[in-house]
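Asks: Right, I'll just put the structure down here and ask away after.
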Amino acid sequence: MTWRVMACAAGLAVLWIVAACPLAHLDHHLLTAHMVMHLLIMNAAAPLVLFGFSGLLRCRLPIAFCWLAGTLTVSLWHVPSVFALALQSHFWHQFEIASFLLAGIVFWWPVFQPALYSGWSIPVYLFLATLPCDALSAFLTFCGHVVYRPYLTANRGLFGLPPLDDQALAGALMWVTVTFAYLIPALVLTARLLASERIRDSAVGVG
């Protein structure tokens, strides 16, 4: 119980850091800072909060719904016009943060309750979740032009980072972070599944 309380508190602390502390305003000046905000909410705050409450939750959400919730939320908020709306409006910026947190909780839900889902579905689920993020991050890294025009002037002179380099760094950061965040638990679950299959095969052989 102590670990769950600590995890939930840590998740809320991460959420405060990216949404309310003075450093949070950097996301209006650097796309890299904005990307860090997204990644911390979905891949740190959301799973930590979910872990804190996972002992109380025994609901099997449809795995396709969980995948779509995470994927569509990330994709929608990276559409240039929607992205600009969140930068220009305090309300929509807060709504964006809330939607990332909720989508992150829904996305990680099956991973924290794998016993409620069939065998290899969760490792496959996590692997497939990397694909849309990889496509988006590769586009941001290599497209060769600034996708989000507010950053053309917002970060001029800030840290000496040109907008296009800022965008490439944000894309690379997303690429690496999502790959590790999704594939490491997928590999852990795969190892457990293989181990359980070996144990079962051994028991059948003995029998």
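Asks: Of (1) buried (at least 16 other Cβ atoms within 10 Å of the Cβ); (2) in contact (Cβ under 8 Å) with a residue 40 or more places away in the chain; (3) over 29 Å from Gly160 (Cβ atoms); (4) of a type outside the set (A, V, I, L, M), Phe83 satisfies all except one. Which?
Replies: All conditions are met except number (3).
Asks: Could I ask something else about it? Quick one: Gly55 ticks every box in (1) at pLDDT 80 or above; (2) surrounded by fewer than 16 Cβ atoms within 10 Å (Cβ to Cβ); (3) assigned to a helix (DSSP H, G or I) except a single one, so which number is it?
Replies: The one condition Gly55 does not meet is (1).
Asks: Oh, and also: Only one of (1) outside any helix (DSSP H, G or I); (2) at pLDDT 90 or above; (3) of a type in the set (Gly, Ala, Ser) fails for Ala186. Which number is that?
Replies: For Ala186, the failing item is (1).
Asks: Is it the case, given these coordinates, that Leu161 is at pLDDT below 95, among the hydrophobic types (A, V, I, L, M, F, W, C) and assigned to a helix (DSSP H, G or I)?
Replies: No: the conditions fail for Leu161.
Asks: If you check every pair at least six apart or on different chains, which have Cβ atoms under 8 Å apart with a residue in the range 3-24 that is in a helix (DSSP H, G or I) first and a residue that is modelled with pLDDT under 85 and surrounded by fewer than 13 Cβ atoms within 10 Å (Cβ to Cβ) second?
Replies: Arg4/Gly55; Ile17/Leu23
Asks: Please indicate, with yes or no, whether at least one residue in the range 65-77 is under 25 Å from Pro163 (Cβ atoms) and touching a residue at least 40 places away in the same chain (Cβ under 8 Å).
Replies: Scanning the range 65-77, I find at least one residue that is under 25 Å from Pro163 (Cβ atoms) and touching a residue at least 40 places away in the same chain (Cβ under 8 Å), so the answer is yes.
Asks: Further question on the same structure: Checking the conditions here, which among Thr2, Thr73 is in contact with a helix residue (DSSP H, G or I) (Cβ under 9 Å, 6 or more places away or on another chain) and not hydrophobic (A, V, I, L, M, F, W, C)?
Replies: Thr73
Asks: Consider Ser202 against the criteria (1) at pLDDT 90 or above; (2) over 24 Å from the mean Cα position of the chain (by Cα); (3) not aliphatic (A, V, I, L, M): it satisfies all of them except one. Which criterion is unmet?
Replies: Going through (1) at pLDDT 90 or above; (2) over 24 Å from the mean Cα position of the chain (by Cα); (3) not aliphatic (A, V, I, L, M) one by one, Ser202 breaks only (1).
Asks: Something else: Among the residues in the range 166-173, are any out of contact with any Leu (no Cβ under 9 Å at 6 or more places or on another chain) and among the charged types (D, E, K, R)?
Replies: no
Asks: What single numbered condition from (1) in a helix (DSSP H, G or I); (2) surrounded by 13 or more Cβ atoms within 10 Å (Cβ to Cβ) fails to hold for Thr153?
Replies: Failed condition: (2).
The values are calculated or read from the model by the stated rules, or taken from the named source; none is laboratory data. Nothing here was measured: the structure is a model prediction, and the numbers come from that model. Note: ideal-geometry Cβ built from the backbone for every residue, glycine included; neighbour counts use all protein chains shown.
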